[in-house]
Amino acid sequence: MEVEMISTTRYLRLIPLLALPASSLAQAQNDRSGQRSAASAQDPIVASLPNWDFNHDGIFTCENWKKYMAQLFNRADRQKRGFITPQEFETIKTSDPMFANADFDYFDERKQGRISRSDFVDRPSPFFVRYDTKHTCRVARNEINATAPAASNPGHRRSGMGRRGFGF
């Protein structure tokens, strides 16, 4: 009975530790005042940042973006042919809300009915178009929050892609 009680107590002590990763992620998306930033709440690209901030440093680079795009492409290219079809593109659209309204034709520039790995991975990121004002392929979290008021203006054409591309 005593061994069973010690064992139960040990497991109960682990419960707060299990909650840490979730609370850390939530806090990472909050600004210093504890409020979720306006940019995250209104911008599906900013909301997707935790998906491709692989080292969790709050610095977003073109290298990280391309790595994430390659992962998405690999997930969709189940037959490993080096290209994806419109049907396979649906996997990408459902994998991240940022791509929910993405347009297949935006990536299929050569109009071949398929998207090659380089067509997808090397396509300019709307995130960097919108937030990399210094054109360094490096954006810090504080730069996103500083840019948010202009970028979240509903009348402002944010990505320069109009109705094509990522769908916003």
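The values are calculated or read from the model by the stated rules, or taken from the named source; none is laboratory data. Since the model is a prediction, treat every value here as computed from it, not as a measurement. With ideal geometry, Cβ positions are generated from the backbone for all residues, glycine too; neighbour counts draw on all protein chains shown.
Among the residues making up segment 98-143, those that are crowded, with 16+ Cβ neighbours inside 10 Å, of a type in the set (A, V, I, L, M) and within 18 Å of ASP53 (Cα to Cα) are MET98, VAL121, VAL139. Listed by first and then second residue, the pairs linking a residue in segment 70-96 that is on the phi < 0 side of the Ramachandran plot and touching a residue at least 24 places away in the same chain (Cβ under 8 Å) to a residue that is part of a loop (DSSP other than H, G, I, E, B) and not small (Gly, Ala, Ser), with Cβ atoms under 8 Å apart and 6 or more places separating them unless they lie on different chains, are LEU72/ASP96; PHE83/ASP77; PHE83/ARG114; ILE84/ASP77; ILE84/ARG114; THR85/ARG114.
Of all residue pairs spaced 6 or more apart or on separate chains, those with beta-carbon atoms under 8 Å, a first member in segment 101-120 that is touching a residue at least 12 places away in the same chain (Cβ under 8 Å) and more than 14 Å from ASN74 (Cβ to Cβ) and a second member that is crowded, with 18+ Cβ neighbours inside 10 Å and among the β-branched types (Val, Ile, Thr) are ALA102/ILE92; PHE104/ILE115; PHE107/ILE115; ARG114/ILE84.
A quick yes/no check of all residues on (1) assigned to a loop (DSSP other than H, G, I, E, B); (2) modelled with pLDDT under 90:
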position	(1), (2)
GLY113	yes, no
LYS134	yes, no
ILE144	no, yes
ALA148	no, yes
ASN153	yes, yes
GLY162	yes, yes
PHE168	yes, yes
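Restricting segment 73-111 to residues that are of a type in the set (Asp, Glu) and not in a loop (DSSP other than H, G, I, E, B), the residue that is nearest to the chain's Cα centre (by Cα) is GLU90.
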